[in-house]
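Take a look at the structure below.
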Amino acid sequence: MAIRLAFVGFRHAHIFDLYRRARETEELEVVAACEEDPEARRELAGGGKVEVTHDDLERMLETVDCDAVAVGDYYAKRGHIAIRALQEGKHIISDKPICTRLEELDEIGKLSKKKGLKVGCMLDMRDSPQFIGLRSLVRAGTIGEVHAIFFGGQHPLLLGTRPAWYFEPGKHGGTINDIGIHALDLIPWITGMRFTAINAARCWNAFAKDFPHFKDAGQLMLTMENGCGVLGDVSYFSPDSFGYSLPFYWRMTFWGEEGVLETSATARAITVALKGETEVRKEPLPPGNPGGYLRAFVHDIVGELKEGELCTKDVLRASRLALTAQKMADEEAGWSV
């Protein structure tokens with residue numbers, strides 16, 4: 001029997017990918033679509049992408065027979081929706097981030113464990129050919145033990161195109177939690193190593209001057225279990241006119257004892273520079289795995305997870321790292337000189 005999936009919230013464009021894929025997945029049946037915001041409901045009605053069936057979360061949970069809930073509301077509302085769904089015995093899958101407060105994540109983890117429920121997330125960078133290929137090369141020992149990683153996840157701000165709630169106080173929850181979670185999930189998946197420390201994290205307002213409370217810049221520094229240092233920037237600094245097409249979009253460089261690997265989300269190959277050689281190689285990309293995050297959620301529910309697939313434990317771990325780093329940045333815990 002198909003897993004019955006109900007959607008709650010369509011306040012970010014990412015959720016439409018999940019909605020489309022769910023409708024096309026044989027193991028899933030979309031049984032409801034709830035949007036509580038009146039303006040968002042009007043836009044959905046005019047767009048024709050989604051047929052809204054409910055305008056109240058509690059009413060939907062009371063009346064719809066579903067096995068899982070997909071969450072796509074504004075960031076600060078997602079934790080509440082996820083917790084309510086778990087309390088009612090439903091698995092959850094969410095756009096990232098799944099919540100904006102560590103206290104919410106604690107409750108999500110507790111309910112998931114207590115009730116034996118699964119937590120999925122749209123951490124879809126695992127599904128791209130560039131990072132599948134990077135993982136294969138790192139896991140094969142191509143550059144030996146990895147000791148330094150740099151990543152740039154800079155995004156365009158797209159003011160006027162992004163949902164207005166991004167810039168409303170209390171609804172976004174932080175740039176590191178928003179963007180950085182991708183890298184905090186991806187890097188352990190690529191290397192097979194855990195993060196052991198968050199050394200520093202900082203957010204500040206740089207480009208979005210009309211919204212001084214919105215800290216559009218984010219940087220962080222971490223350590224992995226072998227001592228590998230990780231430095232990253234997840235700011236909204238990319239020029240809007242290029243969209244997501246720049247070669248720097250999710251650029252990742254891995255430095256190992258035997259050489260260097262680099263690729264990005266827009267690259268057509270993986271750059272390989274090995275010790276003892278004098279010519280840089282271009283490694284072809286393997287096939288991608290579009291929609292892998294959703295298949296992983298289904299496999300997690302039915303107990304058929306495959307090697308490398310995203311699971312509840314991975315989602316909760318990456319979320320905790322992102323929220324902890326965000327909290328450090330918000331508290332401005334660094335030294336002043």
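The values are calculated or read from the model by the stated rules, or taken from the named source; none is laboratory data. As the structure is a prediction and not an experimental result, all values here were calculated from the model. Virtual Cβ from ideal backbone geometry, glycine too; neighbours counted across all protein chains shown. Accessible surface areas use protein heavy atoms only, side chains included; no ligands, DNA or RNA. Shrake-Rupley method; radii C 1.70, N 1.55, O 1.52, S 1.80 Å.
Quick one: residue 170 ticks every box in (1) closer than 30 Å to residue 309 by Cα; (2) in a loop (DSSP other than H, G, I, E, B) bar one, so which box is it?
Tallying (1) closer than 30 Å to residue 309 by Cα; (2) in a loop (DSSP other than H, G, I, E, B), residue 170 fails exactly one: (1).
Answer with yes or no whether residue 272 is surrounded by 17 or more Cβ atoms within 10 Å (Cβ to Cβ) and touching a strand residue (DSSP E or B) at 6+ places or on another chain (Cβ under 6 Å). Break it down into steps so the answer makes sense when it comes.
Details: surrounded by 17 or more Cβ atoms within 10 Å (Cβ to Cβ): yes; touching a strand residue (DSSP E or B) at 6+ places or on another chain (Cβ under 6 Å): yes.
Considered against the rule, which asks whether it is surrounded by 17 or more Cβ atoms within 10 Å (Cβ to Cβ) and touching a strand residue (DSSP E or B) at 6+ places or on another chain (Cβ under 6 Å), residue 272 comes out as yes.
On the basis of being in contact with a Ser or Thr (Cβ under 7 Å, 6 or more places away or on another chain), modelled with pLDDT of 95 or more, over 21 Å from residue 90 (Cβ atoms) and among the hydroxyl-bearing types (Ser, Thr, Tyr), does residue 245 make the cut?
yes
So which residues in the stretch 16-39 are assigned to a helix (DSSP H, G or I) and open to solvent by 10 Å² or more (accessible area, probe 1.4 Å)?
Quick first cut of the stretch 16-39, residues assigned to a helix (DSSP H, G or I) only: 16-24, 38-39.
16, 17, 19, 20, 21, 23, 24, 38, 39 - these are the residues of the stretch 16-39 that are assigned to a helix (DSSP H, G or I) and open to solvent by 10 Å² or more (accessible area, probe 1.4 Å).
From 20, 42, 101, grab the single residue that is under 27 Å from residue 169 (Cα atoms) and either modelled with pLDDT of 95 or more or touching a Leu at 6+ places or on another chain (Cβ under 6 Å) (or both).
Just one listed residue meets the conditions, 101.
Please give the number of the condition residue 42 fails out of (1) farther than 21 Å from residue 302 by Cβ; (2) touching a residue at least 12 places away in the same chain (Cβ under 8 Å); (3) not in a strand (DSSP E or B).
So the condition that residue 42 fails would be (2).
Name the residues in the stretch 205-226 that are closer than 20 Å to residue 182 by Cα, open to solvent by 40 Å² or more (accessible area, probe 1.4 Å) and among the hydrophobic types (A, V, I, L, M, F, W, C), would you?
Once the filter is applied, which keeps residues that are closer than 20 Å to residue 182 by Cα, open to solvent by 40 Å² or more (accessible area, probe 1.4 Å) and among the hydrophobic types (A, V, I, L, M, F, W, C), the stretch 205-226 yields only 221.
Within the stretch 147-167, how many residues turn out to be buried (at least 20 other Cβ atoms within 10 Å of the Cβ) and assigned to a helix (DSSP H, G or I)?
The total comes to 1.
Out of the stretch 1-15, which residues are closer than 11 Å to residue 70 by Cα and in a helix (DSSP H, G or I)?
Residue satisfying the conditions is 15 alone.
Go through 95, 127 for me and flag whichever is among the acidic types (Asp, Glu), within 23 Å of residue 325 (Cα to Cα), at pLDDT 95 or above and surrounded by 18 or more Cβ atoms within 10 Å (Cβ to Cβ).
One residue alone meets the criteria, 95.
For the stretch 315-335, state whether one or more residues are aromatic (Phe, Trp, Tyr), open to solvent by 70 Å² or more (accessible area, probe 1.4 Å), within 20 Å of residue 221 (Cβ to Cβ) and in contact with a strand residue (DSSP E or B) (Cβ under 8 Å, 6 or more places away or on another chain).
Among the residues of the stretch 315-335, not one is aromatic (Phe, Trp, Tyr), open to solvent by 70 Å² or more (accessible area, probe 1.4 Å), within 20 Å of residue 221 (Cβ to Cβ) and in contact with a strand residue (DSSP E or B) (Cβ under 8 Å, 6 or more places away or on another chain), which makes the answer no.
Could you count how many residues in the stretch 168-197 are open to solvent by less than 40 Å² (accessible area, probe 1.4 Å) and either more than 15 Å from residue 322 (Cα to Cα) or more than 18 Å from the chain's Cα centre (by Cα) (or both)?
Selection size over the stretch 168-197: 5.
Among the residues of the stretch 99-124, write down those that are in a loop (DSSP other than H, G, I, E, B), in contact (Cβ under 8 Å) with a residue 40 or more places away in the chain and either open to solvent by 20 Å² or more (accessible area, probe 1.4 Å) or in contact with a Ser or Thr (Cβ under 6 Å, 6 or more places away or on another chain) (or both).
The answer is 100, 101, 118.
Pick from the stretch 248-269 the residues that are more than 22 Å from the chain's Cα centre (by Cα) and buried (at least 16 other Cβ atoms within 10 Å of the Cβ): which of them is nearest to residue 310 (Cα to Cα)?
If we take residues in the stretch 248-269 being more than 22 Å from the chain's Cα centre (by Cα) and buried (at least 16 other Cβ atoms within 10 Å of the Cβ), then 261 is nearest to residue 310 (Cα to Cα).
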